[in-house]
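Notes for the one structure printed next.
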Amino acid sequence: MRILLTAALLAGSASAATYGPQLEGFAYPHPVQRYSFASQGVDLQMAYMDVAPAGAANGKTAVLLHGKNFCGATWEQTITELSKAGYRVVAPDQVGFCASSKPAHYQYSFQQLAANTAGLLKNIGVQQAIFIGHSTGGMLATRYALMYPEAVSRLVLVNPIGLEDWKALGVPAPSVDQWYARELKLSADSVRAYERATYYGGTWKPEYEKWVDMLAGLNNGPGKQLVAWNSALIYDMIFTQPVVYELPLLKVPTTLLIGDADTTAIGKDVAPPEVKARIGRYDVLGKETVKKIPQARLVEFKGMGHAPQMEDPVVFHRTLLQELQRN
């Protein structure tokens, strides 16, 4: 059975689709709208989904911020559950990612992405919201809450990265050119292998293949070089702008939802063995982080990896909705 499964996966990767530089050709779960604005002297667009409550509206808006290897589309199940529970749900793709613009030159910072997101929300009439950030989106959600605390009613961080300073801990700092060369080599097989090991604790389900196809198809489509260049700049932003030092400054109620088997750490593959052994330990990081954030709660998903919302959506969304109902 394992041999047959491997063969099927390899066959799927060999015939993987390719998508345009703004993910043209990939189907999103809800209609995609575009927010046009100017930033750093360039005209840009942010793609986003704005989903109305499917049931009785509760008057609240949830903003979902995706991770580095994710898109607004990967929040598909979370959008469904929040909408059913009465929330308006806004799920943007950040500049440089997925269906949004990928400028040839852009100084990426979490401050800039937060400002872009604030502009989008103002444009669609959202004054205050619950912010739910996963992975790199957790770093962005934290920065947003630090910059605009009055606009954030609650912060939910799902396996956020940036909870440790990898460079300070001894991970060699790659140059943007090194990140770029690495991103040009990305393939469906490399994505699948990494996600299986890091996101899903060594397991694999057929429904994960859709997201491999999305990422590999974007990175190997006609905009390959531009996509890889933006990805390299974004990796540099992530590596050089950890949020760990500012967590005590958060002023909003915060919940950490942590898959404790997660081992994500940017640059871990090039770190010395003694450094590699002590970074990316979410069974430790979750407990350390909750002590740093005022008004914080920690909920751990035992044995789950980097993406608990996809690994066990039933348990994750039940927990998420319970947390959002807390005073």
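The values are calculated or read from the model by the stated rules, or taken from the named source; none is laboratory data. A quick note: this is a predicted structure, and the numbers were derived from the prediction, not measured. Here the Cβ positions follow ideal geometry from the backbone for every residue, glycine too, while neighbour counts run over all protein chains shown.
Determine whether Gly286 is surrounded by 18 or more Cβ atoms within 10 Å (Cβ to Cβ) and more than 28 Å from Ala151 (Cβ to Cβ).
Details: surrounded by 18 or more Cβ atoms within 10 Å (Cβ to Cβ): yes; more than 28 Å from Ala151 (Cβ to Cβ): no.
No; evaluated as a whole, the condition is false for this residue.
Of the candidates Asp269, Asp283, Asp260, the single residue that is free of Cβ contacts under 8 Å to residues at least 40 places away in the same chain, touching a strand residue (DSSP E or B) at 6+ places or on another chain (Cβ under 9 Å) and among the acidic types (Asp, Glu) is Asp283. Candidates in the range 169-185 are the residues that are out of contact with any helix residue (DSSP H, G or I) (no Cβ under 7 Å at 6 or more places or on another chain) and in a helix (DSSP H, G or I); of these, the one that is surrounded by the fewest Cβ atoms within 10 Å (Cβ to Cβ) is Asp177.
Here's the yes/no breakdown for (1) crowded, with 17+ Cβ neighbours inside 10 Å; (2) under 19 Å from Gly67 (Cβ atoms); (3) within 17 Å of the chain's Cα centre (by Cα); (4) not hydrophobic (A, V, I, L, M, F, W, C):
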{"position": "Ser187", "(1), (2), (3), (4)": "no, no, no, yes"}
{"position": "Trp229", "(1), (2), (3), (4)": "yes, no, no, no"}
{"position": "Met237", "(1), (2), (3), (4)": "yes, yes, yes, no"}
{"position": "Lys251", "(1), (2), (3), (4)": "no, no, no, yes"}
{"position": "Thr255", "(1), (2), (3), (4)": "yes, yes, yes, yes"}
{"position": "Pro294", "(1), (2), (3), (4)": "no, no, no, yes"}
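Just need a number here: residues in the range 259-286 that are among the hydroxyl-bearing types (Ser, Thr, Tyr) and either at pLDDT below 95 or assigned to a loop (DSSP other than H, G, I, E, B) (or both). Counting residues in the range 259-286 that are among the hydroxyl-bearing types (Ser, Thr, Tyr) and either at pLDDT below 95 or assigned to a loop (DSSP other than H, G, I, E, B) (or both) gives 2.
Give the range 189-214 a look and list any residue that's on the phi > 0 side of the Ramachandran plot and surrounded by fewer than 16 Cβ atoms within 10 Å (Cβ to Cβ), or say none. Break it down into steps so the answer makes sense when it comes.
In the first step, residues of the range 189-214 are kept if they are on the phi > 0 side of the Ramachandran plot; the result is 201-202.
The answer is Gly202, and nothing else.
Those helices (runs of 4 or more DSSP H) of the range 186-258 in which at least 3 residues are more than 30 Å from Tyr148 (Cα to Cα) and among the small types (Gly, Ala, Ser), considering only elements entirely within it, cover 188-198. Return only the number of the condition from (1) exposed (fewer than 15 other Cβ atoms within 10 Å of the Cβ); (2) within 10 Å of the chain's Cα centre (by Cα); (3) of a type in the set (S, T, N, Q) that Asn123 does not satisfy. If we test Asn123 against (1) exposed (fewer than 15 other Cβ atoms within 10 Å of the Cβ); (2) within 10 Å of the chain's Cα centre (by Cα); (3) of a type in the set (S, T, N, Q), just (2) comes out false.
Can you name every residue in the range 71-94 that is assigned to a loop (DSSP other than H, G, I, E, B), surrounded by 24 or more Cβ atoms within 10 Å (Cβ to Cβ) and hydrophobic (A, V, I, L, M, F, W, C)? Quick ask: steps written out before the conclusion?
Within the range 71-94, the subset assigned to a loop (DSSP other than H, G, I, E, B) is 71, 85-87, 93-94.
Going one step further and asking which of them are surrounded by 24 or more Cβ atoms within 10 Å (Cβ to Cβ), we end up with 71, 87, 93-94.
Listed by number, the list holds a single entry, Cys71.
If you check Met310, Met304, which single one turns out to be outside any loop (DSSP other than H, G, I, E, B) and of a type in the set (A, V, I, L, M, F, W, C)? Please lay out each step first, then the result.
Values: Met304 fails: outside any loop (DSSP other than H, G, I, E, B).
Only one candidate qualifies: Met310.
When the residues of the range 95-117 are filtered to those that are surrounded by fewer than 24 Cβ atoms within 10 Å (Cβ to Cβ) and hydrophobic (A, V, I, L, M, F, W, C), the one that is modelled with the lowest pLDDT is Ala104.
Return yes when Ala265 is of a type in the set (Gly, Ala, Ser) and surrounded by fewer than 22 Cβ atoms within 10 Å (Cβ to Cβ) and no when it is not. No: the conditions fail for Ala265.
With respect to the conditions (1) at pLDDT 95 or above; (2) within 25 Å of Glu209 (Cβ to Cβ), Ser36 lacks only one, and its number is (2). Every listed requirement among (1) over 18 Å from the mean Cα position of the chain (by Cα); (2) closer than 21 Å to Gln322 by Cα; (3) β-branched (Val, Ile, Thr) is met by Ile279 save one, (2).
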